[in-house]
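Colleague: If you scroll down you'll find the structure; I have some questions about it.
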Amino acid sequence: MNVPRHIAIVMDGNGRWAQGRGAERNEGHRSGLDPVRMVIEECLRAKVAALTLFAFSSENWSRPADEVAGIMNLFFDALEAELPALNKNGVRLRFIGERAALAPALRSRMGEAETLTMGNSALRLQVAISYGGRQDILAAAAQVALACERGELRSSELTESGFAAHLALAGLPDPDLFIRTGGEQRISNFLLWNLAYSELYFTATLWPDFSSAEFAAALREFAGRQRRFGLSGAQLQDA
Ligand code: IPE
Ligand code: IPE
Ligand code: MG
């Protein structure tokens, strides 16, 4: 079976999951930790090289303050609780997104986790917190502009790969498979540049209910797709 090298997931539906049970939205976010563990384990098992999880978008800051505070506390506690197992299992953890917006205590834990797991190579795990695809592209454009101003780069020499080297996912292959739970069929400002040729998989299942069986179904669906990258089907058959 053709296994994706890199999977990107929009983990959506936590709030509706909780509300459906008459619980606080933050209970849904907490329950979303189980499928995170499951997906990491399955990626290790299937030898997926990279996994990028959308945990909190740039736009999610506009949610009610108590929900935002609950999510930030959850990040802190989850990092504390999960880090030893992640490290033991060979996961290299990195965070992408606007770090300056986060509380210093969380930020320093994130930095420590990245340093601790830097030498691991079983799975590259990126967690997107305070991340926006447009912000990512804009920050890369600013770096390129600066290099031009300093005379280190001529605008005519800028290439796709040269530009992508300034993006948050620099050094990683583009996601082969994009999964979004929760029923919405949109990207919601996730990895706008990197998703250019990803296979898209949408499911109505709310994130806390996302199971290993459903993850396996997404992998099977991916394996059955023909990726053409602009070529004709006949060209691919000849190759
Ligand atoms: C996704 O679940 C998690 C975050 C955006 C932090 P939601 O909280 O968006 O859940 P729904 O979409 O409201 O059900
Ligand atoms: C996308 O979900 C962000 C995350 C899952 C972290 P949202 O719930 O914020 O997306 P919209 O608002 O439905 O587009
Ligand atoms: Mg949502």
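The values are calculated or read from the model by the stated rules, or taken from the named source; none is laboratory data. Note that this is a predicted model, so its numbers are computed, not measured. Counting neighbours? That spans all protein chains shown, and the Cβs are built from the backbone with ideal geometry, glycine included.
Colleague: Which residues, counting only those in segment 23-34, are within 15 Å of ligand 3 (Cβ to nearest atom), out of contact with any Lys or Arg (no Cβ under 9 Å at 6 or more places or on another chain) and either hydroxyl-bearing (S, T, Y) or in a helix (DSSP H, G or I) (or both)?
Modeller: The answer is N26, H29, S31.
Colleague: Can you name the number of the only condition in (1) loosely packed, with under 14 Cβ neighbours inside 10 Å; (2) more than 23 Å from E112 (Cβ to Cβ) that K88 fails?
Modeller: K88 satisfies all of (1) loosely packed, with under 14 Cβ neighbours inside 10 Å; (2) more than 23 Å from E112 (Cβ to Cβ) except (2).
Colleague: Which members of segment 11-22 meet the condition of being more than 6 Å from ligand 1 (Cβ to nearest atom) and not in a loop (DSSP other than H, G, I, E, B)?
Modeller: Once the filter is applied, which keeps residues that are more than 6 Å from ligand 1 (Cβ to nearest atom) and not in a loop (DSSP other than H, G, I, E, B), segment 11-22 yields W17, A18, Q19.
Colleague: Please enumerate the residues belonging to segment 91-103 that are surrounded by 13 or more Cβ atoms within 10 Å (Cβ to Cβ) and of a type in the set (A, V, I, L, M, F, W, C).
Modeller: Just the residues of segment 91-103 that are surrounded by 13 or more Cβ atoms within 10 Å (Cβ to Cβ), to begin with: 91-99, 102-103.
Result: V91, L93, F95, I96, L102, A103.
Rundown of residues vs (1) surrounded by fewer than 14 Cβ atoms within 10 Å (Cβ to Cβ); (2) over 20 Å from F56 (Cα atoms), yes/no style:
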residue	(1), (2)
A78	no, no
A105	yes, no
A113	no, no
L116	no, yes
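Colleague: When the residues of segment 56-69 are filtered to those that are within 10 Å of ligand 1 (Cβ to nearest atom) and closer than 28 Å to L116 by Cα, which remaining residue is farthest from the chain's Cα centre (by Cα)?
Modeller: Looking at residues that are within 10 Å of ligand 1 (Cβ to nearest atom) and closer than 28 Å to L116 by Cα, I get V68.
Colleague: Next question. Hey, among the residues in segment 153-188 that are touching a strand residue (DSSP E or B) at 6+ places or on another chain (Cβ under 6 Å) and not hydrophobic (A, V, I, L, M, F, W, C), which one's nearest to ligand 1 (Cβ to nearest atom)?
Modeller: Initial filter on segment 153-188 (touching a strand residue (DSSP E or B) at 6+ places or on another chain (Cβ under 6 Å)): 168, 172-173, 175-180, 185.
From what is left, the residues that are not hydrophobic (A, V, I, L, M, F, W, C) are 173, 175-176, 180, 185.
Numbers: P173: 25, P175: 18, D176: 23, R180: 10, Q185: 13 Å.
Top of the filtered list is R180.
Colleague: Of the residues R92, R45, R25, which single one is at pLDDT 95 or above and within 12 Å of ligand 1 (Cβ to nearest atom)? Break it down into steps so the answer makes sense when it comes.
Modeller: Values: R92 fails: within 12 Å of ligand 1 (Cβ to nearest atom); R45 fails: within 12 Å of ligand 1 (Cβ to nearest atom).
Checking each option against the conditions leaves just R25.
Colleague: While we're here: Quick check on R5: is it within 16 Å of ligand 2 (Cβ to nearest atom) and of a type in the set (K, R)?
Modeller: On the way: within 16 Å of ligand 2 (Cβ to nearest atom): no; of a type in the set (K, R): yes.
Spelling it out, it is not the case that R5 is within 16 Å of ligand 2 (Cβ to nearest atom) and of a type in the set (K, R).
Colleague: While we're on this one: Would you confirm whether or not segment 82-95 contains a residue that is within 16 Å of ligand 2 (Cβ to nearest atom) and either free of Cβ contacts under 8 Å to residues at least 24 places away in the same chain or within 19 Å of L191 (Cα to Cα) (or both)? Break it down stepwise before answering.
Modeller: First pass over segment 82-95, keeping only residues within 16 Å of ligand 2 (Cβ to nearest atom): 95.
Those left that are additionally either free of Cβ contacts under 8 Å to residues at least 24 places away in the same chain or within 19 Å of L191 (Cα to Cα) (or both): 95.
Yes; the residues of segment 82-95 include at least one that is within 16 Å of ligand 2 (Cβ to nearest atom) and either free of Cβ contacts under 8 Å to residues at least 24 places away in the same chain or within 19 Å of L191 (Cα to Cα) (or both).
Colleague: Please return the ranges of helices (runs of 4 or more DSSP H) entirely within segment 123-230 where 1 or more residues are touching an Asp or Glu at 6+ places or on another chain (Cβ under 8 Å) and not polar (S, T, N, Q).
Modeller: Working: elements: 133-149, 160-164, 212-223.
Qualifying helices (runs of 4 or more DSSP H): 212-223.
Colleague: List pairs: first residue in segment 31-52 and basic (K, R), second residue at pLDDT 95 or above anywhere in the structure, Cβ distance under 9 angstrom, at least six positions apart or on different chains.
Modeller: Pairs found: R37/E82; R37/A85; K47/V3; K47/A122; K47/L123.
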